[in-house]
Amino acid sequence: MNGSRAVLVVGAVVALAYALITTALAGPPNVPDPLTTTGTYTVLPGSMPFASGAVTGGDFVVGNFTSVQPYGANLTVAVYNLTEWTDLIQNGTGVPAWSTPSEGSGRIIFIAEYTDTYTFVLTNPYPASTGLQIVVYVATEYESNVGDEGFG
């Protein structure tokens with residue numbers, strides 16, 4: 001009877017140790033950030049969101065964009081917080097937290113002043129009557145302002 005209890009206790013300890021060790025070795029789950037993206041988008045005349053997600057205050061999103069067809073066609077990249085994005089969708093009056101001038105290519109460097117959900121939007125400024133579609137290559141990466149501090 002004592003022997004079976006000892007085997008049971010040792011078995012439970014080994015199972016628990018195995019579960020803890022494999023979890024520690026696996027590390028945190030690897031979930032891709034929706035604001036880290038690379039892709040090609042076709043933008044009809046008007047606006048189109050290409051990324052949206054939470055940004056912690058002080059963190060930033062960097063990247064670039066290039067009109068590839070027609071090459072160098074002007075467009076704008078703008079970033080809206082949740083309130084302004086809602087205003088833009090419902091009333092057409094949203095004011096971006098950040099935007100680029102209308103250009104064929106450029107850098108995206110957005111620093112969040114406060115934590116919120118931000119939507120990144122491509123705008124094709126050409127009138128709908130032209131039917132001009134712009135194919136845009138965009139690459140962005142979410143960066144945290146928190147240093148490593150040697151803790152991992």
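The values are calculated or read from the model by the stated rules, or taken from the named source; none is laboratory data. Predicted model, so just to flag it, every value in this text is computed and none were measured. Cβ atoms come from the backbone with ideal geometry, glycine included; neighbour counts cover every protein chain shown.
Assorted remarks:
- Listed here are the strands (runs of 3 or more DSSP E) enclosed by the range 1-100 that have at least 1 residues being farther than 29 Å from residue 128 by Cβ and modelled with pLDDT under 95: 46-55, 60-69.
- Options 108, 134: the member that is crowded, with 19+ Cβ neighbours inside 10 Å, more than 29 Å from residue 56 (Cβ to Cβ) and not acidic (Asp, Glu): 134
- Enumeration of residues in the range 77-99 that are under 18 Å from the mean Cα position of the chain (by Cα) and within 19 Å of residue 124 (Cβ to Cβ): 77, 78, 79, 80, 85, 96, 98, 99
Let's see how each residue does on (1) more than 21 Å from residue 35 (Cα to Cα); (2) surrounded by fewer than 15 Cβ atoms within 10 Å (Cβ to Cβ); (3) touching a Cys at 6+ places or on another chain (Cβ under 9 Å):
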| position | (1), (2), (3) |
| --- | --- |
| 61 | no, no, no |
| 70 | yes, yes, no |
| 76 | no, no, no |
| 82 | no, yes, no |
| 93 | yes, yes, no |
| 99 | no, no, no |
| 122 | no, no, no |
| 130 | yes, yes, no |
| 145 | no, yes, no |
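- Count of the range 123-137 residues which are touching a Ser or Thr at 6+ places or on another chain (Cβ under 7 Å) and among the hydrophobic types (A, V, I, L, M, F, W, C): 3
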